[in-house]
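I have placed the structure first, in the form of structure tokens, so that the comments after it can refer back to it.
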């Protein structure tokens, strides 16, 4: 199974507001950047979209190390909130509905195809790929300003 590195970031001007996302896929010396934007969205939706679009771009099952500055997503996966939400019918431990269930469902489906590990990094702290992703995500949402 190929090992792919996926670096992601989402950004918003306002929350909600115009948003952008970026995913950098790296396999050996091959690199691909995927990005996009939405006119009205949230930062968390853009974070999830970056991961989904990155994983969707893979043509076969891979082992994927996802590196993100989104504690929202990394904690949901690493602390096993996601399986709990699914089991509870997309409700959180407090009984309130999970936000963005459509994107969580899409991410969960892709996690069944690929073996994934999620690594959280501090944002805006000099991580080269995170800085690149942030710059691209910001340039994406600026199309709407």
Where the centre of each part is set by its Cα atoms, how far does segment 63-77 sit from segment 10-57, in angstrom?
13 Å
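Only helical DSSP H runs with n ≥ 4 go in: add -39500 (n - 2.57) per run for the chain, normalise by residue count and round the 222 nm mean residue ellipticity to 500 deg cm²/dmol.
Details: 5 runs with 56 residues, N = 145.
Rounded to the nearest 500, the figure is -12000 deg cm²/dmol.
Among 90, 85, what is the fewest-to-most ranking by other Cβ atoms within 10 Å?
Values: 90 15, 85 20.
With the fewest neighbours first, 90, 85 line up as 90, 85.
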Final fewest-first order of 141, 72 on the 10 Å Cβ neighbour count is 72, 141
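For segment 28-91, what does the alpha-carbon gyration tensor say about shape, rounded, prolate or oblate, given a ≥ b ≥ c as the root eigenvalues, a/c under 1.5 as rounded, and a/b over b/c as prolate? Intermediate values should be presented prior to the final figure.
On the way: a/c = 2.03, a/b = 1.33, b/c = 1.53.
Note, shape of segment 28-91 comes out oblate.
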For the residues 62, 12, 133, what sequence is obtained by ranking on other C-beta atoms within 10 Å, fewest first?
62, 12, 133
Using the Cα gyration tensor of the chain, with a ≥ b ≥ c the square roots of its eigenvalues, what is the shape: rounded (a/c below 1.5), prolate (a/b larger than b/c) or oblate (neither)?
oblate
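Just so you know, all these numbers are worked out from the coordinates, no wet-lab data involved. Here the structure is a predicted model, which is why all the values come from computation and not from measurement. Ideal geometry is used to build each Cβ from the backbone, glycine not excepted, and the neighbour counts take in all protein chains shown.
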